[in-house]
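Single-structure report; data block below.
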Amino acid sequence: MKFLVSFVVLLGLCAAAGAPAPARAQAPRNLVKAELKSDLRPGAQSFLVGVHLQIEPSWHIYWKYPGDAGMATSVKWKLPDGFAVSELMWPTPIGFEQAGQIQGFGYEDEVVLLARVTPLPGWAKPAMIEAEVRWLACETTCVPGKASLQLQVDPAGAADPADGELLAQWLARVPIPADSPENPAKVRVTTMGLDYRIELSGIGAEHVQCLLAPADGLSIVNNEVAGLKVHIVLHAMEGSKPSNQPSEAVIAWTESGKPHAVSVQLGRQ
Amino acid sequence: MYRMIVAACVMLMANAFVCAQDKAELGKPAPQFTLNDSSGKAVSLSDFSGKVVVLEWVNPQCPFVQRHYQTGTMKTLADKYNGKVVWLAVNTTSSATPADNAAWISQYALPYPILSDTGGTVAKAYGAKTTPHMFIIDQQGKLAYRGGIDDDPQGNKADRTNYVEKALDQLLAGQTVTQPETRSYGCSVKYK
(Lines give C-alpha, C1' and ligand atoms only; values in the text may rest on other atoms or scores of the structure.)
Protein backbone atom coordinates (compact mmCIF):
# COMPACT_ATOMS: atom_id res chain seq x y z
CA MET A 1 0.00 0.00 0.00
CA LYS A 2 2.82 2.40 0.92
CA PHE A 3 4.43 1.57 -2.40
CA LEU A 4 1.22 2.36 -4.21
CA VAL A 5 0.91 5.72 -2.46
CA SER A 6 4.48 6.69 -3.38
CA PHE A 7 3.83 5.58 -6.92
CA VAL A 8 0.75 7.78 -7.15
CA VAL A 9 2.64 10.74 -5.68
CA LEU A 10 5.47 10.11 -8.14
CA LEU A 11 2.97 10.00 -10.98
CA GLY A 12 1.55 13.27 -9.70
CA LEU A 13 4.96 14.91 -9.70
CA CYS A 14 5.70 13.69 -13.21
CA ALA A 15 2.39 15.02 -14.43
CA ALA A 16 2.98 18.31 -12.64
CA ALA A 17 6.37 18.73 -14.31
CA GLY A 18 4.82 18.85 -17.75
CA ALA A 19 1.84 20.70 -19.14
CA PRO A 20 -1.64 20.03 -17.65
CA ALA A 21 -2.09 16.27 -17.84
CA PRO A 22 -5.72 15.29 -18.49
CA ALA A 23 -4.76 11.60 -18.26
CA ARG A 24 -4.51 11.95 -14.48
CA ALA A 25 -8.25 12.32 -14.20
CA GLN A 26 -8.88 9.05 -16.05
CA ALA A 27 -9.56 5.79 -14.30
CA PRO A 28 -6.77 3.27 -14.49
CA ARG A 29 -9.45 0.66 -14.96
CA ASN A 30 -13.18 0.46 -15.40
CA LEU A 31 -14.58 1.01 -11.91
CA VAL A 32 -18.25 0.82 -12.84
CA LYS A 33 -19.83 -1.36 -15.48
CA ALA A 34 -23.15 0.03 -16.71
CA GLU A 35 -25.84 -1.82 -18.64
CA LEU A 36 -29.42 -1.03 -19.61
CA LYS A 37 -32.01 -3.77 -19.06
CA SER A 38 -35.79 -4.19 -19.24
CA ASP A 39 -38.53 -6.57 -18.15
CA LEU A 40 -40.57 -6.12 -21.35
CA ARG A 41 -43.19 -8.76 -22.14
CA PRO A 42 -45.25 -8.85 -25.35
CA GLY A 43 -48.49 -6.89 -25.03
CA ALA A 44 -47.46 -5.14 -21.79
CA GLN A 45 -48.98 -1.69 -21.17
CA SER A 46 -45.73 -0.53 -19.62
CA PHE A 47 -42.39 -1.98 -18.65
CA LEU A 48 -39.47 -1.34 -16.35
CA VAL A 49 -36.09 -0.19 -17.54
CA GLY A 50 -33.12 -0.41 -15.24
CA VAL A 51 -29.58 0.91 -15.28
CA HIS A 52 -27.53 -1.91 -13.79
CA LEU A 53 -24.35 -0.53 -12.25
CA GLN A 54 -21.72 -3.02 -11.11
CA ILE A 55 -19.14 -1.36 -8.90
CA GLU A 56 -15.53 -2.38 -8.27
CA PRO A 57 -15.15 -3.95 -4.78
CA SER A 58 -14.48 -1.38 -2.00
CA TRP A 59 -15.61 1.55 -4.23
CA HIS A 60 -19.00 3.26 -3.99
CA ILE A 61 -21.26 5.52 -6.04
CA TYR A 62 -23.90 7.93 -4.73
CA TRP A 63 -27.63 8.16 -4.01
CA LYS A 64 -29.82 11.07 -5.21
CA TYR A 65 -28.65 12.93 -2.10
CA PRO A 66 -24.94 12.14 -1.83
CA GLY A 67 -24.53 13.44 1.72
CA ASP A 68 -21.83 15.89 2.81
CA ALA A 69 -19.68 15.18 -0.25
CA GLY A 70 -19.75 13.20 -3.47
CA MET A 71 -22.10 13.58 -6.41
CA ALA A 72 -25.51 12.11 -7.12
CA THR A 73 -25.58 9.51 -9.86
CA SER A 74 -27.67 10.84 -12.75
CA VAL A 75 -29.64 9.25 -15.58
CA LYS A 76 -30.89 11.26 -18.55
CA TRP A 77 -33.33 9.36 -20.75
CA LYS A 78 -33.90 9.71 -24.46
CA LEU A 79 -37.02 7.96 -25.66
CA PRO A 80 -38.86 7.61 -28.96
CA ASP A 81 -41.65 10.15 -29.59
CA GLY A 82 -44.81 9.36 -27.66
CA PHE A 83 -43.02 7.25 -25.01
CA ALA A 84 -43.22 8.44 -21.39
CA VAL A 85 -40.85 7.66 -18.54
CA SER A 86 -41.45 7.85 -14.78
CA GLU A 87 -39.21 9.55 -12.24
CA LEU A 88 -36.10 7.58 -11.40
CA MET A 89 -36.66 5.03 -8.63
CA TRP A 90 -33.75 4.73 -6.19
CA PRO A 91 -33.31 1.59 -4.07
CA THR A 92 -32.61 2.28 -0.39
CA PRO A 93 -28.95 3.32 -0.16
CA ILE A 94 -26.45 2.49 2.52
CA GLY A 95 -24.85 5.17 4.66
CA PHE A 96 -21.11 5.46 5.10
CA GLU A 97 -19.13 7.72 7.34
CA GLN A 98 -15.66 8.87 6.41
CA ALA A 99 -12.98 10.38 8.64
CA GLY A 100 -13.95 13.86 9.84
CA GLN A 101 -17.59 12.79 10.36
CA ILE A 102 -18.36 13.14 6.66
CA GLN A 103 -21.62 11.32 6.00
CA GLY A 104 -22.32 9.81 2.60
CA PHE A 105 -25.18 7.81 1.06
CA GLY A 106 -24.85 5.45 -1.85
CA TYR A 107 -24.24 1.98 -3.14
CA GLU A 108 -21.48 -0.59 -3.05
CA ASP A 109 -21.06 -3.67 -5.27
CA GLU A 110 -24.12 -3.13 -7.46
CA VAL A 111 -27.41 -1.32 -7.84
CA VAL A 112 -30.18 -1.00 -10.41
CA LEU A 113 -31.75 2.45 -10.84
CA LEU A 114 -35.21 1.97 -12.27
CA ALA A 115 -37.89 3.78 -14.23
CA ARG A 116 -41.21 2.72 -15.74
CA VAL A 117 -41.68 3.33 -19.45
CA THR A 118 -45.10 3.71 -21.02
CA PRO A 119 -44.87 3.27 -24.77
CA LEU A 120 -46.91 5.04 -27.39
CA PRO A 121 -50.31 3.29 -27.62
CA GLY A 122 -50.32 0.98 -30.61
CA TRP A 123 -46.55 0.89 -30.70
CA ALA A 124 -45.61 -1.69 -33.37
CA LYS A 125 -41.97 -1.29 -34.41
CA PRO A 126 -38.76 -1.92 -32.44
CA ALA A 127 -37.64 1.25 -30.70
CA MET A 128 -34.45 2.48 -29.07
CA ILE A 129 -34.24 3.61 -25.47
CA GLU A 130 -31.16 5.61 -24.56
CA ALA A 131 -29.73 6.59 -21.21
CA GLU A 132 -26.85 8.96 -20.47
CA VAL A 133 -25.54 7.90 -17.05
CA ARG A 134 -23.04 9.82 -14.91
CA TRP A 135 -21.56 8.80 -11.60
CA LEU A 136 -18.74 9.54 -9.22
CA ALA A 137 -16.96 6.45 -7.94
CA CYS A 138 -15.05 6.93 -4.70
CA GLU A 139 -12.80 4.84 -2.51
CA THR A 140 -9.99 6.87 -0.93
CA THR A 141 -9.95 8.94 -4.11
CA CYS A 142 -12.80 9.68 -6.50
CA VAL A 143 -13.09 9.07 -10.21
CA PRO A 144 -16.01 10.39 -12.28
CA GLY A 145 -17.45 8.15 -14.96
CA LYS A 146 -20.18 8.13 -17.58
CA ALA A 147 -21.78 5.84 -20.09
CA SER A 148 -24.14 6.24 -23.02
CA LEU A 149 -26.38 3.20 -23.01
CA GLN A 150 -28.82 1.91 -25.60
CA LEU A 151 -31.44 -0.78 -25.46
CA GLN A 152 -33.58 -1.90 -28.35
CA VAL A 153 -37.10 -2.84 -27.29
CA ASP A 154 -39.35 -4.83 -29.55
CA PRO A 155 -43.14 -4.86 -28.93
CA ALA A 156 -43.29 -8.43 -30.23
CA GLY A 157 -40.30 -9.66 -28.26
CA ALA A 158 -39.58 -10.32 -24.62
CA ALA A 159 -36.66 -9.36 -22.41
CA ASP A 160 -34.33 -11.99 -21.01
CA PRO A 161 -36.18 -13.47 -17.98
CA ALA A 162 -32.99 -13.10 -15.92
CA ASP A 163 -33.12 -9.34 -16.54
CA GLY A 164 -36.78 -9.23 -15.50
CA GLU A 165 -35.89 -11.03 -12.28
CA LEU A 166 -32.99 -8.71 -11.53
CA LEU A 167 -35.20 -5.65 -12.04
CA ALA A 168 -37.92 -7.12 -9.80
CA GLN A 169 -35.36 -7.76 -7.05
CA TRP A 170 -34.21 -4.16 -7.11
CA LEU A 171 -37.73 -2.78 -7.41
CA ALA A 172 -38.45 -4.55 -4.13
CA ARG A 173 -35.68 -2.45 -2.56
CA VAL A 174 -37.20 0.88 -3.62
CA PRO A 175 -38.88 2.51 -0.59
CA ILE A 176 -42.66 2.53 -0.80
CA PRO A 177 -44.62 5.69 0.08
CA ALA A 178 -45.52 5.79 3.77
CA ASP A 179 -49.22 6.11 2.85
CA SER A 180 -49.14 3.04 0.59
CA PRO A 181 -51.51 0.22 1.62
CA GLU A 182 -48.50 -2.10 1.34
CA ASN A 183 -46.70 -0.30 4.15
CA PRO A 184 -46.91 -2.63 7.17
CA ALA A 185 -46.08 0.18 9.62
CA LYS A 186 -48.27 2.94 10.93
CA VAL A 187 -46.37 6.19 10.43
CA ARG A 188 -47.13 9.34 12.39
CA VAL A 189 -45.37 12.58 11.51
CA THR A 190 -45.40 15.68 13.71
CA THR A 191 -44.01 18.82 12.12
CA MET A 192 -43.03 22.10 13.70
CA GLY A 193 -41.29 24.31 11.18
CA LEU A 194 -38.22 22.33 10.22
CA ASP A 195 -38.38 20.01 13.23
CA TYR A 196 -39.90 16.64 12.43
CA ARG A 197 -40.77 13.71 14.65
CA ILE A 198 -41.64 10.48 12.92
CA GLU A 199 -43.04 7.59 14.88
CA LEU A 200 -43.50 4.08 13.54
CA SER A 201 -45.79 1.55 15.18
CA GLY A 202 -47.38 -1.83 14.55
CA ILE A 203 -44.16 -3.51 13.52
CA GLY A 204 -41.38 -5.48 15.20
CA ALA A 205 -38.61 -3.52 13.54
CA GLU A 206 -34.90 -4.06 13.97
CA HIS A 207 -31.96 -2.03 12.73
CA VAL A 208 -34.05 1.09 12.10
CA GLN A 209 -32.23 3.65 9.97
CA CYS A 210 -33.23 7.02 8.57
CA LEU A 211 -31.67 8.11 5.31
CA LEU A 212 -32.43 11.73 4.75
CA ALA A 213 -32.49 13.72 1.51
CA PRO A 214 -33.05 17.40 2.39
CA ALA A 215 -34.65 19.65 -0.23
CA ASP A 216 -32.51 22.31 -1.92
CA GLY A 217 -31.54 25.10 0.44
CA LEU A 218 -31.83 22.90 3.53
CA SER A 219 -29.14 21.13 5.50
CA ILE A 220 -29.30 18.47 8.20
CA VAL A 221 -28.81 19.54 11.82
CA ASN A 222 -30.08 16.39 13.49
CA ASN A 223 -31.15 12.93 12.34
CA GLU A 224 -31.52 10.67 15.31
CA VAL A 225 -33.17 7.27 15.56
CA ALA A 226 -34.25 5.93 18.95
CA GLY A 227 -36.20 2.70 18.79
CA LEU A 228 -39.11 3.38 16.44
CA LYS A 229 -38.83 7.16 16.75
CA VAL A 230 -36.94 9.44 14.42
CA HIS A 231 -36.13 13.05 15.25
CA ILE A 232 -35.07 15.22 12.33
CA VAL A 233 -34.06 18.87 12.47
CA LEU A 234 -33.30 20.68 9.23
CA HIS A 235 -31.76 24.11 8.80
CA ALA A 236 -32.68 26.62 6.11
CA MET A 237 -29.47 27.95 4.66
CA GLU A 238 -29.31 31.71 5.01
CA GLY A 239 -30.35 33.58 1.89
CA SER A 240 -31.60 30.56 -0.03
CA LYS A 241 -35.10 30.49 -1.46
CA PRO A 242 -37.43 27.96 0.17
CA SER A 243 -37.80 25.00 -2.14
CA ASN A 244 -41.23 23.82 -3.26
CA GLN A 245 -39.95 20.26 -3.17
CA PRO A 246 -40.37 18.43 0.12
CA SER A 247 -37.43 16.78 1.84
CA GLU A 248 -37.55 13.01 1.95
CA ALA A 249 -36.84 10.65 4.83
CA VAL A 250 -36.35 7.02 3.89
CA ILE A 251 -36.92 4.90 6.97
CA ALA A 252 -35.49 1.43 6.58
CA TRP A 253 -35.72 -1.52 8.94
CA THR A 254 -35.66 -5.29 8.98
CA GLU A 255 -38.33 -7.52 10.42
CA SER A 256 -37.67 -11.26 10.72
CA GLY A 257 -34.66 -10.75 8.47
CA LYS A 258 -36.69 -9.10 5.72
CA PRO A 259 -35.74 -5.56 4.70
CA HIS A 260 -38.43 -2.86 4.51
CA ALA A 261 -38.23 0.81 3.60
CA VAL A 262 -40.81 3.57 3.46
CA SER A 263 -40.48 7.06 2.11
CA VAL A 264 -41.86 9.97 4.14
CA GLN A 265 -42.26 13.38 2.50
CA LEU A 266 -41.37 16.25 4.80
CA GLY A 267 -42.89 19.59 3.92
CA ARG A 268 -42.61 22.80 5.90
CA GLN A 269 -45.14 23.93 8.43
CA MET B 1 -14.18 34.03 30.40
CA TYR B 2 -12.14 35.79 27.75
CA ARG B 3 -8.90 34.81 29.48
CA MET B 4 -10.09 31.22 29.61
CA ILE B 5 -10.75 31.29 25.90
CA VAL B 6 -7.33 32.74 25.20
CA ALA B 7 -5.81 30.07 27.42
CA ALA B 8 -7.63 27.47 25.37
CA CYS B 9 -5.73 28.57 22.28
CA VAL B 10 -3.16 25.83 22.44
CA MET B 11 -0.40 24.84 20.12
CA LEU B 12 -1.78 21.68 18.58
CA MET B 13 1.00 20.96 16.14
CA ALA B 14 4.34 22.51 15.34
CA ASN B 15 2.98 23.98 12.13
CA ALA B 16 -0.68 24.59 12.91
CA PHE B 17 -2.51 26.17 15.76
CA VAL B 18 -6.04 27.31 16.11
CA CYS B 19 -8.11 28.45 19.05
CA ALA B 20 -9.59 25.22 20.31
CA GLN B 21 -12.93 26.76 21.28
CA ASP B 22 -13.42 28.19 17.79
CA LYS B 23 -16.15 26.84 15.59
CA ALA B 24 -16.94 28.83 12.52
CA GLU B 25 -20.35 30.52 12.56
CA LEU B 26 -21.76 32.95 10.04
CA GLY B 27 -21.53 36.55 11.23
CA LYS B 28 -19.16 35.60 14.06
CA PRO B 29 -15.38 36.10 14.22
CA ALA B 30 -13.73 33.49 11.99
CA PRO B 31 -11.45 30.96 13.73
CA GLN B 32 -7.86 32.21 13.85
CA PHE B 33 -5.11 29.97 12.54
CA THR B 34 -1.49 29.77 11.56
CA LEU B 35 -0.41 27.28 8.89
CA ASN B 36 2.71 26.83 6.79
CA ASP B 37 2.71 27.44 3.07
CA SER B 38 4.54 25.12 0.65
CA SER B 39 7.86 26.89 1.26
CA GLY B 40 7.53 26.44 5.02
CA LYS B 41 6.60 30.06 5.73
CA ALA B 42 4.02 30.56 8.48
CA VAL B 43 0.84 32.32 7.36
CA SER B 44 -1.68 33.59 9.92
CA LEU B 45 -5.19 34.81 9.33
CA SER B 46 -4.32 37.77 11.58
CA ASP B 47 -1.68 38.87 9.00
CA PHE B 48 -4.59 40.09 6.87
CA SER B 49 -6.77 41.89 9.40
CA GLY B 50 -8.98 44.51 7.78
CA LYS B 51 -8.96 42.65 4.46
CA VAL B 52 -11.42 40.30 2.83
CA VAL B 53 -9.98 36.76 2.88
CA VAL B 54 -11.10 33.79 0.78
CA LEU B 55 -10.30 30.28 2.03
CA GLU B 56 -10.48 27.56 -0.61
CA TRP B 57 -10.21 23.92 0.43
CA VAL B 58 -8.18 22.18 -2.25
CA ASN B 59 -6.99 18.64 -3.07
CA PRO B 60 -5.14 18.27 -6.39
CA GLN B 61 -6.19 14.61 -6.56
CA CYS B 62 -9.91 15.39 -6.50
CA PRO B 63 -11.63 15.45 -9.90
CA PHE B 64 -13.88 18.39 -8.91
CA VAL B 65 -10.79 20.43 -8.02
CA GLN B 66 -9.06 19.29 -11.22
CA ARG B 67 -12.04 20.46 -13.28
CA HIS B 68 -12.09 23.90 -11.64
CA TYR B 69 -8.34 24.29 -12.21
CA GLN B 70 -8.50 23.09 -15.81
CA THR B 71 -11.25 25.63 -16.50
CA GLY B 72 -9.48 28.31 -14.44
CA THR B 73 -12.37 29.01 -12.02
CA MET B 74 -10.21 29.74 -8.97
CA LYS B 75 -7.30 31.50 -10.66
CA THR B 76 -9.59 33.76 -12.70
CA LEU B 77 -11.42 34.84 -9.54
CA ALA B 78 -8.23 35.35 -7.55
CA ASP B 79 -6.83 37.44 -10.43
CA LYS B 80 -10.04 39.46 -10.72
CA TYR B 81 -9.83 40.55 -7.06
CA ASN B 82 -6.03 40.80 -6.93
CA GLY B 83 -5.05 43.55 -4.47
CA LYS B 84 -8.56 43.71 -2.97
CA VAL B 85 -8.96 40.20 -1.63
CA VAL B 86 -6.50 37.78 -0.02
CA TRP B 87 -6.87 34.27 -1.44
CA LEU B 88 -5.57 31.32 0.60
CA ALA B 89 -5.93 27.71 -0.50
CA VAL B 90 -5.81 25.07 2.23
CA ASN B 91 -4.97 21.40 1.65
CA THR B 92 -6.11 19.09 4.44
CA THR B 93 -5.48 15.84 2.51
CA SER B 94 -3.64 13.77 5.09
CA SER B 95 -1.16 12.39 2.55
CA ALA B 96 -0.39 15.72 0.84
CA THR B 97 3.15 17.02 1.25
CA PRO B 98 4.31 20.64 0.83
CA ALA B 99 6.02 19.41 -2.38
CA ASP B 100 2.64 18.24 -3.76
CA ASN B 101 1.23 21.69 -3.06
CA ALA B 102 4.25 23.40 -4.64
CA ALA B 103 3.84 21.23 -7.76
CA TRP B 104 0.17 22.25 -8.08
CA ILE B 105 1.10 25.93 -7.67
CA SER B 106 3.71 25.70 -10.41
CA GLN B 107 1.49 23.62 -12.74
CA TYR B 108 -1.19 26.30 -12.73
CA ALA B 109 1.05 29.34 -12.00
CA LEU B 110 -1.12 30.18 -9.00
CA PRO B 111 -0.92 33.68 -7.55
CA TYR B 112 -1.83 32.40 -4.06
CA PRO B 113 -0.29 30.01 -1.53
CA ILE B 114 -1.51 26.55 -0.55
CA LEU B 115 -1.38 26.11 3.21
CA SER B 116 -0.76 22.68 4.74
CA ASP B 117 -3.42 21.49 7.21
CA THR B 118 -2.72 17.74 7.13
CA GLY B 119 -3.73 17.45 10.79
CA GLY B 120 -7.19 18.74 9.84
CA THR B 121 -7.36 21.21 12.74
CA VAL B 122 -8.30 24.23 10.67
CA ALA B 123 -10.65 22.24 8.42
CA LYS B 124 -12.52 21.01 11.51
CA ALA B 125 -12.71 24.52 12.98
CA TYR B 126 -14.29 25.79 9.76
CA GLY B 127 -16.38 22.68 9.16
CA ALA B 128 -14.78 22.00 5.76
CA LYS B 129 -16.27 18.84 4.30
CA THR B 130 -15.57 18.94 0.60
CA THR B 131 -12.99 19.99 -1.97
CA PRO B 132 -13.66 22.58 -3.09
CA HIS B 133 -15.32 24.16 -0.03
CA MET B 134 -15.25 27.96 0.10
CA PHE B 135 -15.24 30.41 3.03
CA ILE B 136 -15.10 34.21 2.95
CA ILE B 137 -14.02 36.34 5.89
CA ASP B 138 -15.06 39.99 5.76
CA GLN B 139 -13.09 43.16 6.59
CA GLN B 140 -14.17 42.85 10.24
CA GLY B 141 -12.81 39.31 10.47
CA LYS B 142 -16.26 37.75 10.52
CA LEU B 143 -17.35 34.73 8.53
CA ALA B 144 -19.44 36.14 5.66
CA TYR B 145 -19.88 33.11 3.39
CA ARG B 146 -19.55 29.36 3.48
CA GLY B 147 -20.49 26.83 0.85
CA GLY B 148 -19.92 25.88 -2.75
CA ILE B 149 -17.95 27.73 -5.39
CA ASP B 150 -21.02 27.69 -7.65
CA ASP B 151 -24.39 26.04 -8.28
CA ASP B 152 -23.07 23.54 -10.83
CA PRO B 153 -21.83 20.28 -9.22
CA GLN B 154 -21.78 18.40 -12.53
CA GLY B 155 -20.03 21.22 -14.37
CA ASN B 156 -22.40 21.17 -17.33
CA LYS B 157 -24.63 24.22 -16.80
CA ALA B 158 -24.47 26.87 -19.49
CA ASP B 159 -25.53 29.56 -17.04
CA ARG B 160 -24.01 29.02 -13.61
CA THR B 161 -23.95 31.31 -10.59
CA ASN B 162 -20.57 31.71 -8.93
CA TYR B 163 -21.56 32.25 -5.29
CA VAL B 164 -18.09 33.40 -4.23
CA GLU B 165 -17.91 36.05 -6.94
CA LYS B 166 -21.38 37.30 -6.01
CA ALA B 167 -20.50 37.48 -2.31
CA LEU B 168 -17.16 39.21 -2.97
CA ASP B 169 -18.81 41.83 -5.19
CA GLN B 170 -21.34 42.53 -2.46
CA LEU B 171 -18.73 42.70 0.32
CA LEU B 172 -16.44 45.01 -1.65
CA ALA B 173 -19.41 47.28 -2.44
CA GLY B 174 -20.16 47.52 1.29
CA GLN B 175 -23.37 45.51 0.92
CA THR B 176 -24.57 42.53 2.90
CA VAL B 177 -24.05 39.13 1.34
CA THR B 178 -27.50 38.02 0.21
CA GLN B 179 -26.65 34.32 -0.01
CA PRO B 180 -24.14 33.64 2.77
CA GLU B 181 -24.67 29.89 2.93
CA THR B 182 -24.95 27.31 0.15
CA ARG B 183 -24.46 23.58 -0.21
CA SER B 184 -20.88 22.76 -1.05
CA TYR B 185 -20.07 19.87 -3.33
CA GLY B 186 -17.03 17.85 -4.30
CA CYS B 187 -14.86 15.07 -2.92
CA SER B 188 -14.84 14.59 0.82
CA VAL B 189 -11.97 16.27 2.64
CA LYS B 190 -9.47 13.44 3.15
CA TYR B 191 -9.02 13.73 6.89
CA LYS B 192 -6.47 11.59 8.72
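The values are calculated or read from the model by the stated rules, or taken from the named source; none is laboratory data. As the structure is a prediction and not an experimental result, all values here were calculated from the model. Every residue, glycine among them, receives a Cβ derived from its backbone with ideal geometry; neighbour counts consider all protein chains shown. Heads up: the accessible areas ignore ligands, DNA and RNA and are worked out on the full protein's heavy atoms, side chains in. Shrake-Rupley method; radii C 1.70, N 1.55, O 1.52, S 1.80 Å.
Taking chain A as a Gaussian network, where each spring joins two C-alpha atoms under 10 Å apart, which residue of A:144, A:161, A:119 fluctuates the most?
Of A:144, A:161, A:119, the Gaussian network model singles out A:161 as fluctuating most.
Using packing as a proxy for protection, rank B:95-103, A:250-258 so that the peptide with the highest average count of other Cβ atoms within 10 Å comes first.
Those peptides, ordered most packed to least, come out B:95-103, A:250-258.
Would you mind telling me the antiparallel percentage of the DSSP bridges in the protein assembly as shown, rounded to 5?
90
Would you list which aspartates and glutamates come within 20 Å of residue B:190, measuring only between C-alpha atoms, while excluding same-chain residues fewer than 8 positions from it?
A:68, A:97, A:108, A:139, B:37, B:56, B:100, B:117
Taking θ = phi - 60°, what integer Hz values does the Karplus form 6.51 cos²θ - 1.76 cosθ + 1.60 yield along the stretch B:155-168, in sequence order, with x for Gly and Pro?
x, 10, 7, 6, 10, 9, 9, 8, 4, 5, 4, 4, 5, 5
In the neighborhood of residue B:86, defined by Cβ-to-Cβ distances under 14 Å, what is the net charge if each Lys or Arg adds +1 and each Asp or Glu adds -1?
After counting each charged neighbour, the total is -2.
Chains A and B: what accessible area do they bury, summed, in square angstrom to the nearest 100, with a 1.4 Å probe?
What A and B bury together is about 2600 Å².
Let me have the relative contact order for the stretch B:57-147, percent, based on Cα pairs under 8 Å that are six or more residues apart.
Values: 103 pairs, mean separation 28.8, N = 91.
Relative contact order of the stretch B:57-147: 32 percent.
With N set to the number of residues, divide the alpha-carbon radius of gyration of the stretch A:70-197 by 2.2 N^0.38 Å and report two decimals.
1.33
Can you grab the distance from the C-alpha centre of the stretch B:157-192 to the C-alpha centre of the stretch B:112-155, Å, no decimals?
About 10 Å separates the Cα centre of the stretch B:157-192 from the one of the stretch B:112-155.
Which entries in A:64/B:28; A:64/A:146; A:186/A:258; B:124/B:192; B:23/B:157; B:28/B:129 show an alpha-carbon gap greater than 22 Å?
As for pairs spanning more than 22 Å Cα to Cα, those are A:64/B:28; B:23/B:157.
Search the structure for amide H atoms under 5 Å from the amide H of residue B:189, placed 1.01 Å from N in the peptide plane, and list their residues when 5 or more places away or on another chain.
Residues meeting the criterion, in which the H sits 1.01 Å from N, are B:130, B:131.
With θ taken as phi - 60° and the coefficients 6.51, -1.76 and 1.60, list the Karplus ³J(HN,Hα) couplings across the stretch A:130-135 in order, rounded to whole Hz; mark glycine and proline as x.
Karplus-based 3J(HN,Hα) across the stretch A:130-135 equals 10, 9, 9, 10, 10, 8 Hz.
Once neighbouring chains are kept in place and the probe is 1.4 Å, which whole percent of the accessible area of the stretch A:176-266 is contributed by carbon and sulfur?
Ligands and nucleic acids excluded, carbon and sulfur reach 50 percent.
Please give the solvent-accessible surface of residue A:58 in Å², to the nearest 10, using a probe radius of 1.4 Å with every protein chain present.
70
What are the residues whose amide H is under 5 Å from the amide H of residue B:150, where those residues sit 5 or more places off or on another chain and H is modelled from the backbone?
Amide H to amide H, under 5 Å and 5 or more residues apart or across chains, residue B:150 pairs with B:163.
Enter the accessible area per residue of the stretch A:176-266 (Å², integer; probe 1.4 Å; all protein chains in place).
Heavy-atom SASA per residue in the stretch A:176-266 reads 54 Å².
Could you compute how fast the protein assembly as shown diffuses translationally, taking Rh as the Kirkwood radius over C-alpha pairs and applying Stokes-Einstein at 20 °C with viscosity 1.002 mPa s? Give it in µm² per second. The partial results should precede the final answer.
On the way: Rh = 24.3 Å.
It comes out at roughly 88 µm²/s.
Per DSSP helix of 4 or more residues, -39500 (n - 2.57); summed, then divided by the residues of chain A. What does that give at 222 nm, rounded to the nearest 500?
Calculated mean residue ellipticity at 222 nm is -3000 deg cm²/dmol.
Applying the Karplus parametrisation 6.51 cos²θ - 1.76 cosθ + 1.60 with θ = phi - 60° to the phi angles of the stretch A:145-159, what ³J(HN,Hα) value in whole Hz is obtained for each residue in order, glycine and proline being reported as x?
x, 8, 8, 9, 10, 9, 9, 8, 10, 10, x, 8, x, 9, 6
What does DSSP give for the stretch B:55-192 in terms of the percent of beta bridges that are antiparallel, rounded to the nearest 5? Numbers along the way, then the final one.
Values: 9 of 16 bridges.
Counting DSSP beta bridges with both partners in the stretch B:55-192, the antiparallel share is about 55 percent.
Run through the DSSP bridge list for the stretch A:27-171 and note the antiparallel percent, rounded to the nearest 5.
That works out to approximately 100 percent antiparallel.
At a 1.4 Å probe, what is the % contribution of carbon and sulfur to the accessible area of chain B?
The nonpolar share, carbon plus sulfur, comes to 54 percent.
Using a 10 Å cut-off on Cβ to Cβ distances, tally the other chain neighbours for every residue of A:235-242 and report the average as a whole number.
Shielding by partners across A:235-242 averages 5.
What are the residues whose amide H is under 5 Å from the amide H of residue B:115, where those residues sit 5 or more places off or on another chain and H is modelled from the backbone?
B:89, B:90, B:91
Add -39500 (n - 2.57) for each DSSP H run of 4 or more in chain B, then divide by its residues: what number comes out at 222 nm, to the nearest 500 deg cm²/dmol?
Computed mean residue ellipticity for chain B: -6500 deg cm²/dmol.
Would you give the gap between the C-alpha center of the stretch B:73-99 and the C-alpha center of the stretch A:101-147, rounded to a whole Å?
That distance is 35 Å.
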